[in-house]
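Computed from the coordinates by the stated procedures, all read-outs in this text should not be read as laboratory data. These numbers were taken from a predicted model, which means no experiment stands behind them. With ideal geometry, Cβ positions are generated from the backbone for all residues, glycine too; neighbour counts draw on all protein chains shown.
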Amino acid sequence: MKKTTLTLLSFLFLMYSCGDSNEESSSDETQATDEIKEESEEETNSETETCNIVNKDGLLIIEAESFNLKGKWRIIEDEKASAGKYIEYYGANSYQNQNLDHEITVKFTVDAPATYLVRWYMRQPDEAEGDKSNDVWIYFPGNIGLARINDADYTLEHYEKFVSRGKGEFTYGGALDLHNPKSSSWMRARFPEAGEYTLKICARSEFFQLDKLVLSTGMPDGDAKDKSKNLSETIICE
């Protein structure tokens, strides 16, 4: 009788222990599943998040390293550059036409229709002579770029030369050097509505260095220069 009772008690103990073990295992599995689900949701949210360069307080600043680089363009770190980086073209000169192997693009968003003056911060290498290493080809798809010729707006329907000079420090400037018709002009971009737009640049001069683009509206150019000097691009992620 004692033996039977002990056997029964042992059996009940084992059953109870197994039950606890199964409950703990089930709880652990549920917790692990919940954690995996949360991580998956976070990854999905991160993957679907979209970040845009946007205008703020009359300025649309585009860091050069935000361009989608290809060809002989490279990013270089420099404490003198905005956000600590600039881009340099290290390929051959392309003075007569655009070599699309070295065409770079960037997308950005404006929040309202407006016309912006287009300027930049650039630099020539110290060893560059005069007007060497100081220009690019530039174009806004959709023909929204404008020049001013004989007191009238001139629509820019293709790439045009954009140029300025500066050594040592990255220098604010930038103007069109048109060949047909022959003229020099400030460059503006007229955005007909709020939305996303694209800017294209194609390499022209070897060792040209670009820090950032500065587009301004509703202010004198001198104010845009002063305000943009220590500012970087504004990015909104959704």
Grab the beta carbon distance between Asn180 and Ala92, set R0 = 41 Å, and tell me the FRET efficiency rounded to 0.05.
0.95
Mind ordering 61-68, 48-55, 107-114 by average Cβ neighbours within 10 Å, highest first?
61-68, 107-114, 48-55
For the cross-link pairs Lys80/Lys107; Lys85/Lys200; Lys80/Lys212; Lys70/Lys227, which exceed 22 Å when the distance is taken from alpha carbon to alpha carbon?
Lys80/Lys107; Lys70/Lys227
Cross-link reach list, lysines versus Lys132, counting only Cα pairs under 18 Å and skipping chain neighbours closer than eight places:
Lys72, Lys161, Lys167
So if we plug the beta-carbon distance of Thr50 and Glu77 into 1/(1 + (r/R0)^6) with R0 = 35 Å, what FRET efficiency do we get, rounded to 0.05?
0.85
So Arg148 and Ile236, fully extended at 0.36 nm per residue minus their Cα-Cα distance, gain in nm 28.4 nm
Below 15 angstrom from the Cβ of Ile61, what's the summed charge of the other residues (Lys, Arg +1; Asp, Glu -1)?
-1
